[in-house]
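The structure appears below as structure tokens.
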């Protein structure tokens, strides 16, 4: 069993590592732009800048948003099929709202393998834009980080699924501006069901724990979602 | 999640619909994608935390999230108006129990239950003081 675990994990991590370098110069620039936007988002939330400074920034961003809208939309199918073996992780490194380097919403979290089968460690530091209680990470983002870490580790089973249920228990407020360690681990697999647990620590302090149940869809179900999305994209053009 | 001055917020618009209930209205765009064309499960959970957190504050004993449990019933679509209807089920001592459902039109996408625990007096002030100190330390 442990050999099978290693093998399914190795195949999964190979696909993940293949996504680490940007896939083209344009995607490298997209990551750079996202990094700049991330600084703007954090800076804006913390800033006490005067009205005229903010108005100038709003005007230049509004005109940039209009220019960006003039370009054709990304044909997401291209990215998805770049890694035909596992369309589920095809766009993950760039587009995920939690780890994606080309997504300005992402803190971003960094995922690292550990020397234990079916376990992953996420390292993340949340800035002021993610604040809930004073000086603390919003409880919604704590839950969301678990969905991402457990959702990633369950993919190591070889048959990644969709989240069926997620339960988060908050032990103490999670601090902002602090390196956090989120660990996710598969505990068992029963047919199409994958069970995973997770912990979130700030140094020695346990901030939250979670359990997730993931359900492997039939392959046709995933392709149906892709086709529906592509059709919806066309309608929105 | 609701802040008009925070670019991370979709934003969610929350309205009170009863003495102890409220509804969040939201439309997620492509940046919030998880499965193809669908909202990332993490944002489904985060949206529930926000709307349930608002509703529990109507119960008279507002607190911090203690437990949040989400059951995902069907993929939540992007670019579609979603409704997150939440209500308080019970207030018992320091605990407030709340529940909610997320719909896309008639389709149920997810359900949630949560327990909020009122903090002992002074906790909020301590957090404010510690944030003030950290802000000063981080001042350029």
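Taken together, the values in this text are just the output of simple stated rules run on the coordinates, not laboratory data. Remember, it's a predicted structure, so these values are computed and weren't measured experimentally. Every residue, glycine as well, gets a Cβ built from its backbone with ideal geometry; the counts of neighbours run over all protein chains shown.
Descriptive notes on the structure:
- With the helix formula -39500 (n - 2.57) applied to DSSP H stretches of n ≥ 4, chain B reaches a computed 222 nm mean residue ellipticity of -7500 deg cm²/dmol.
- Here the Gaussian network model covers chain A, with springs between Cα atoms less than 10 Å apart; of A:57, A:28, A:144, A:57 fluctuates the most.
- On the beta carbon distance between residue A:190 and residue A:23, with R0 = 41 Å, the FRET formula returns roughly 0.70.
- Compared with the dominant principal axis of the Cα atoms in chain B, helix B:123-138 is inclined by about 90°.
- Size descriptor, Kirkwood hydrodynamic radius, that averages inverse alpha-carbon separations across the protein assembly as shown, Å: 21.5
- FRET E, pair residue A:231, residue A:40, Förster distance 30 Å, beta-carbon r, rounded to 0.05: 0.35
- Cα gyration tensor, segment A:134-200 - rounded (a/c under 1.5), prolate or oblate: prolate
- Relative frequency of Cα-Cα separations exceeding 25 Å in segment A:99-237, percent: 34
- Among A:150, A:61, A:213, residue whose mean-square fluctuation peaks in a GNM of chain A (springs only between Cα atoms under 10 Å): A:61
- Cα centroid separation - segment B:50-113 against segment A:1-70, whole Å: 30
- Convex hull volume per residue, computed on the Cα atoms of segment B:1-109, equals 101 Å³.
- Cα shape, segment A:166-237, gyration tensor, a/c 1.5 rule: oblate
- In the distance distribution for segment B:1-54, Cα-Cα pairs more than 18 Å apart total 33 percent.
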